[in-house]
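One structure below.
We did not get these values from a lab; they are worked out from the coordinates using the rules stated. Since we're looking at a predicted model, the values are computed, not measured. Glycine gets a Cβ as well: all are built from the backbone with ideal geometry, and neighbour counts include every protein chain shown.
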Amino acid sequence: MKVFITGASSGIGEALVLEYAKRHRNNSTIIGIVARRSEYLQKLQATLQNTYNIQCAIYPLDVRDSHALASAAADFIQNFGAPNVVIACAGVSCGTLTEHAEDIAAFKAVMDINVLGLVHTFQPFIAAMRTAAKQGENAQLVGIASVAGIRGLPGAGAYSASKAAAISYLESLRVEMARDNIAVTTIAPGYIRTPMTAINQYKMPFLMDADVAASKFVDAIEHQYRFVVIPWQMGWVARFMRFIPPFLWDFAMKKAPQKMRMNWDWL
């Protein structure tokens, strides 16, 4: 089993790395991990090697840098071969309001990371994975979207737009890759307990711990689901959200709590 995961230094990404390590410990598994924070990657690498006997390659980089991701992919393929699963998990969220000129930079950063980051992650692996799939190996691309991509949420225009774009992009990719026997899975989480949701100052229904979510994510990946909402309760909420008429959605969301605006420089 060879897995490549972005956004691996914290939150869902880190939980996914540890879930794969637990499931495949001492089993010739190789995990490539990507994040911006090198020190966190090094700690995670030590945990994988010392606790789970998992071989791990680390790549400190920003998913907005397509050249850096291409180099990381080339290194992984050269040393270990094509990955069986590539998970694009890197993502950011922050409150944004179009009326504030200073939020334009945040809009761009969120779209670059949450949408183009998927493209940058998948593109350099596809040729090698296509060859591996022809030889009968499992080949799968996984993108982490969000229930927030189903309908636009007030105060989260950048995040909602980026996740809506991610859902549509991954659907297009799934159809494109089908002829090459490369599976594409879209996972749309609800609220997961991570540093990204810790700043939310409102009630988060069906809030799920990251390790529990990661286990359900990997189950969905192993079943090669095309599209799945996790937890299942949010799946029913998402179905309901799709069919609410615009005038009712506007009325319901008019006084909805909004994500706090933050200094965008951290993106």
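Worth a mention:
- Using only alpha-carbon positions in region 2-266, the gyration tensor eigenvalues give semi-axes of 31, 20, 18 Å once each is multiplied by 5 and square-rooted (largest first).
- Principal-axis tilt of helix 38-51 within the chain, Cα atoms, nearest 10 degrees: 50 degrees
- Counting only alpha carbon atoms, the long axis of helix 210-222 and the longest principal axis of the chain meet at about 60°.
- Taking label points 7 Å from Cα along the Cα-to-Cβ direction, Ala101 and Ser168 give a separation of 2.9 nm.
- Gln135/Phe247 FRET efficiency (R0 45 Å; Cβ-Cβ; nearest 0.05): 0.25
- Interchain or long-range residues, amide H under 5 Å from Phe227's placed H: Thr186
- 3J(HN,Hα) couplings calculated from phi for region 78-88 with the Karplus curve 6.51 cos²θ - 1.76 cosθ + 1.60 (θ = phi - 60°) are, in sequence order, 4, 8, 10, x, 5, x, 7, 9, 10, 10, 8 Hz; Gly and Pro show x.
- Cβ-Cβ FRET estimate between Asp211 and Ser28, R0 fixed at 25 Å, reported to 0.05: 0.60
- Taken one residue at a time, the phi angles of region 3-12 give Karplus couplings (6.51, -1.76, 1.60, θ = phi - 60°) of 10, 10, 10, 9, x, 8, 7, 6, x, 5 Hz. Gly and Pro are set to x.
- Relative frequency of Cα-Cα separations exceeding 11 Å in region 65-111, percent: 75 percent
- Label-point separation, Gln49 to Asn181 (7 Å along Cα→Cβ), nm: 3.5 nm
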